[in-house]
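Participant: Starting off with a structure, shown below.
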Amino acid sequence: MTPPPRQPALSRFNPAQPGATGMKVAATGLLLLMAAVFLVSRQFEAAYSWVGYVKAFAEAAMVGGLADWFAVTALFRHPLGLPIPHTAIIPRNKDRIGEALANFLKENFLIAPVVARRMRNIDLAGAAGRFLQAPQGEENRIRQGASRLIADLFESLDQERLGGLVKAAISARVRKMEMSPLLGHALASAINEDRHVPMLEAAIRWTARALDANEGLIRDMVHKRANWVLKLAGLDAKLADAIVDGLRKLSADMHTDPAHPVRIKIEEALAQLANDLQTKPETRARVEAIKLELLDNRSVSLWLDTLWERGREAMIRAARNPDAAMAGKLGEVLQSMGHSLEQDARLKSAINMFARRAVSGMAASYGGSIVKLVSETVRRWDAQTITNRLETTVGRDLQYIRINGTLVGGLVGLALHAVDAI
């Protein structure tokens, strides 16, 4: 199948004024009409004195129309293809126009003091606060447009490649990070704040449930390991009962008594583990080895892939329905943040100052690069394409200039003829 023709570099823009072609035909037609009136009036000028006024109007109108046609055409091309000096102004000065546009952007938008001055009156924090407080169901084109953009972006990106990049970034970050001190610090903080107690009690309850579920297995093990004397005397069953009852009592006592010796031993072991994770080289090396083994494990890689895909799908669902995302707990948090941003004067001032400094810093750091990008991009554009686009953009107004020039020229000629006739 023949591929579709490639569009010009600027074809994605569509600034054409409607009716430009029709106005061009009208302007040219008016000029031709004045020429025809001039030729006809010459034939009847001697017979009728008033025809001189018509001839003067048509003659001056032709001059005005031709002059404006020449001026309008000279902006974009050589009139009649003749290389007249100072014509085809835009194609010949394309690079200068690009430089001027780039300098205009730099001097008015991309200089740090200008950016800071312009942003001084912009309340970004207040705008963000009002945006976050938008009630559920209220039409908000900015939020919906941003949500659609995020969703389209995530859907358009290659899933495998993007997922691989995310997974590689996470893996590289974790490989560089020493996990043992972090784990030790987290465990020590949990112990100091008694946040390990619910986990310890959950482990005790799980042990009790596991004992009840595997009572038959314990009795069978005792029976198989007992010698024939115990079996003959029937003591193996009593021994199994004693073991099961003892384990049940131990788990119950540990659950009800926070000061139980076994429970204290477990907490001491956890505290020692937290200390070893932070200070003992052997423990830290062992943890790092386990970390690397996990990162190289195929199952962990598949788990990261699944985790990324679920997160990606969740982000797309939330972006596709921003009102639903704003309606739950997340919405409550965001609305609370919005209220704080709008009402807290100190917070608002700090955020606005940070934004002003950040944008000013970006302008100072990257303003020159942006200016260079604009000028080089305009320089690479095809001159004919730029000419056609600019002419199409203001084409209707340009043809009005031709029409006005024709009519104004005719009126001036009429006035001059009237003065001469007095």
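The values are calculated or read from the model by the stated rules, or taken from the named source; none is laboratory data. Fair warning: this is a prediction, and the values are worked out from it, not measured in the lab. Quick reminder, even Gly has a Cβ in these numbers, built from the backbone with ideal geometry, and neighbours come from all protein chains shown. Surface areas here come from the heavy atoms of the whole protein model, side chains and all, with no ligands, DNA or RNA. Shrake-Rupley method; radii C 1.70, N 1.55, O 1.52, S 1.80 Å.
Participant: If packing is taken as the mean number of other Cβ atoms within 10 Å per residue, what is the order of 253-260, 65-72, 100-107, 78-85, highest first?
Facilitator: Numbers: 253-260: 13.4, 65-72: 19.0, 100-107: 15.5, 78-85: 9.4.
Answer by packing, highest mean first, reads 65-72, 100-107, 253-260, 78-85.
Participant: Using mean Cβ contacts within 10 Å as the protection proxy, how do 41-47, 412-418 order, highest first?
Facilitator: On the way: 41-47: 12.4, 412-418: 15.7.
Sorting 41-47, 412-418 by mean packing, highest first, produces 412-418, 41-47.
Participant: In nanometres, what is the gap between the two model label sites at Asn108 and Ser171, each 7 Å from Cα along Cα-to-Cβ?
Facilitator: Once both label points are built, they end up 5.1 nm from each other.
Participant: Further, regarding this structure: In the full protein assembly as shown, how much of Tyr366 is accessible to a 1.4 Å probe, in Å² to the nearest 10?
Facilitator: Approximately 130 Å² of Tyr366 is accessible to the 1.4 Å probe.
Participant: Could the peptides 311-317, 25-31 be put in order, highest first, of the mean number of other beta-carbon atoms found within 10 Å of their residues?
Facilitator: On the way: 311-317: 13.6, 25-31: 16.3.
Highest mean packing first, the order is 25-31, 311-317.
Participant: Something else: Points 7 angstrom from Cα along the Cβ direction at Leu294 and Val408: gap in nanometres?
Facilitator: Once both label points are built, they end up 8.0 nm from each other.
Participant: How much length would be gained if the chain were fully extended between Asp305 and Ala208, taking 0.36 nm per residue of separation minus their Cα-Cα distance, in nm to one decimal?
Facilitator: On the way: separation 97, 0.36 × 97 = 34.92 nm, distance 3.61 nm.
Answer, rounded to one decimal: 31.3 nm.
Participant: Testing the spin-label approximation: label points 7 Å from Cα along Cα→Cβ at Ser349 and Arg317. State their distance in nm.
Facilitator: That separation, rounded to one decimal, is 4.4 nm.
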